[in-house]
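Novice: What follows is a structure written as structure tokens; I'll ask about it next.
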């Protein structure tokens with residue numbers, strides 16, 4: 001059944017984000033997204049879900065590389081301007097059939113999300129803060145001019161899909177099942193315009209290690225000649241173009257012996273993201289205070305779910321300063337030189353938390369400090385994993 005709550009709207013969170021409201025409900029205070037005109041109407045309904053089980057289930061292999069082995073079923077929901085949303089359908093995993101002029105292929109009118117389902121020590125399955133993923137997906141859809149939908153209805157459809165393919169969720173702390181909701185324009189005509197048809201679908205895949213490396217820390221290449229996102233763009237949305245456009249720089253980073261790109265922005269070489277991750281610095285700042293800092297959400301930073309969870313968790317500890325503020329390579333270099341840098345790490349859904357061990361910048365290989373057993377990142381990793389696997393009770397988890 002869909003969870004339903006009595007919501008009470010309190011206020012806008014900010015004038016910069018007028019679609020985000022702070023709302024209280026029986027689960028506590030949460031973020032909830034509405035359309036500009038109010039709550040979403042005309043959405044598909046989970047109650048109308050049609051299920052067609054596969055007649056030939058696959059043999060489940062051992063956990064493999066991230067994103068290469070998919071489960072037996074997928075969720076699809078079609079939309080068109082004349083009839084609106086159609087009934088959601090769970091069916092056997094299969095290829096899609098698209099018109100050659102589909103604007104998702106020609107103009108990148110598409111977006112996606114990423115979240116995990118974890119098998120707990122009690123064998124129950126848990127999603128981690130999925131409401132935040134649904135809200136972010138709705139915001140990305142509005143930016144892409146794709147139709148609105150009810151996030152709670154989509155979440156319930158996803159829950160049903162996971163329930164059907166639950167045997168694919170690994171019995172492991174080091175592996176999980178990755179969920180990839182995807183939303184594409186299926187507009188069958190050339191021309192850059194608002195789509196008249198679209199497809200929302202969800203696929204599941206086994207998720208082992210995201211980075212194909214035995215190293216415990218990442219090496220980054222920082223060069224300001226490439227930019228991941230810019231003010232007024234779509235860097236704060238989870239759209240495919242934000243990622244496909246990074247491949248060239250990624251391969252250049254590899255030629256310098258680095259695994260990922262540290263994306264810089266502006267003349268002062270602001271630190272923004274690392275590969276597909278949000279970035280954090282744990283240091284003693286210029287004022288002499290111990291601080292955990294990450295770049296602010298100013299339009300070029302993706303509002304990561306793990307990022308937000310790290311901020312919420314460490315602020316609750318109240319042991320050091322936690323800030324969202326601009327960070328530059330000059331500040332990082334000074335802190336490293338003066339031995340004020342404790343650690344630098346990236347965060348994301350697929351990778352969780354990844355410490356950074358070195359950065360190639362302006363011809364210099366900067367070696368960053370890292371203590372595997374006593375670092376802040378290892379402490380955060382443990383606490384988040386305990387929540388995700390049900391060892392620590394939390395209203396951040398959603399039982400399947």
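Novice: Using a Debye calculation, one point per C-alpha and no hydration shell, please list log10 I(q)/I(0) for region 41-209 at q = 0.09 Å⁻¹ in order.
Specialist: -0.31
Novice: What percent do you get for the relative contact order of the chain when only Cα pairs under 8 Å and 6+ apart count? Walk me through the numbers on the way to the answer.
Specialist: Values: 826 pairs, mean separation 65.6, N = 400.
Relative CO of the chain lands at 16 percent.
Novice: Ok, one more. Would you mind telling me which residue in 277, 329, 134 has the biggest mean-square fluctuation in a Gaussian network model of the chain, where springs connect alpha carbons within a distance under 10 angstrom?
Specialist: 329
Novice: Compute the acute angle (0 to 90°) between the alpha-carbon long axis of helix 305-317 and the principal axis of greatest extent of the alpha-carbon atoms of the chain; round to the nearest 10°.
Specialist: The angle comes out near 60 degrees.
Novice: If you don't mind, there's one more thing I want to ask. Could you state the number of Å between the C-alpha centres of region 346-400 and region 133-152?
Specialist: One Cα centre to the other: 28 Å.
Novice: For region 218-388, just the Cα atoms, rotate onto the principal axes and tell me the three extents in Å, largest first.
Specialist: So the three principal-axis extents are 39, 34, 27 Å.
Novice: Give the order of 396, 317 when sorted by the count of other beta carbons within 10 angstrom, beginning with the fewest.
Specialist: On the way: 396 22, 317 12.
Least to most surrounded, the residues fall as 317, 396.
Novice: For region 57-127, compute the orientation-averaged projected area of the C-alpha convex hull (one quarter of its surface), in nm².
Specialist: Working: hull surface 30.1 nm².
Across all orientations, region 57-127 yields a mean hull projection of 7.5 nm².
Novice: Further, regarding this structure: Between helix 376-388 and the chain, what is the angle of the helix's C-alpha long axis to the longest principal axis, kept within 0 to 90° and rounded to the nearest 10?
Specialist: 20 degrees
Novice: While we're here: When the Cα centres of region 55-95 and region 219-235 are compared, how far apart do they sit, in Å?
Specialist: Centre-to-centre distance over Cα atoms comes out at 33 Å.
Novice: Let me ask something else. Over region 160-207, calculate the relative contact order: mean separation of alpha carbon pairs under 8 Å at least 6 apart, over the residue count, as a percent.
Specialist: On the way: 54 pairs, mean separation 19.5, N = 48.
Computed value for region 160-207: 41 percent relative contact order.
Novice: For region 218-388, what is the relative contact order in percent, using Cα pairs closer than 8 Å and at least 6 residues apart in sequence?
Specialist: Once divided by the residue count of region 218-388, the mean separation gives 24 percent.
Novice: Also: Quick one: work out Rg over Rh on the C-alpha atoms of the chain, Rh as Kirkwood radius. Write down the numbers at each step before the final one.
Specialist: On the way: Rg = 21.3 Å, Rh = 22.3 Å.
The Rg/Rh ratio comes out at 0.96.
Novice: OK, next. In the Gaussian network model of the chain, springs joining C-alpha atoms below 10 Å, which of 112, 248, 280 carries the largest mean-square fluctuation?
Specialist: Of 112, 248, 280, the Gaussian network model singles out 248 as fluctuating most.
Taken together, the values in this text are just the output of simple stated rules run on the coordinates, not laboratory data. Here the structure is a predicted model, which is why all the values come from computation and not from measurement. Virtual Cβ from ideal backbone geometry, glycine too; neighbours counted across all protein chains shown.
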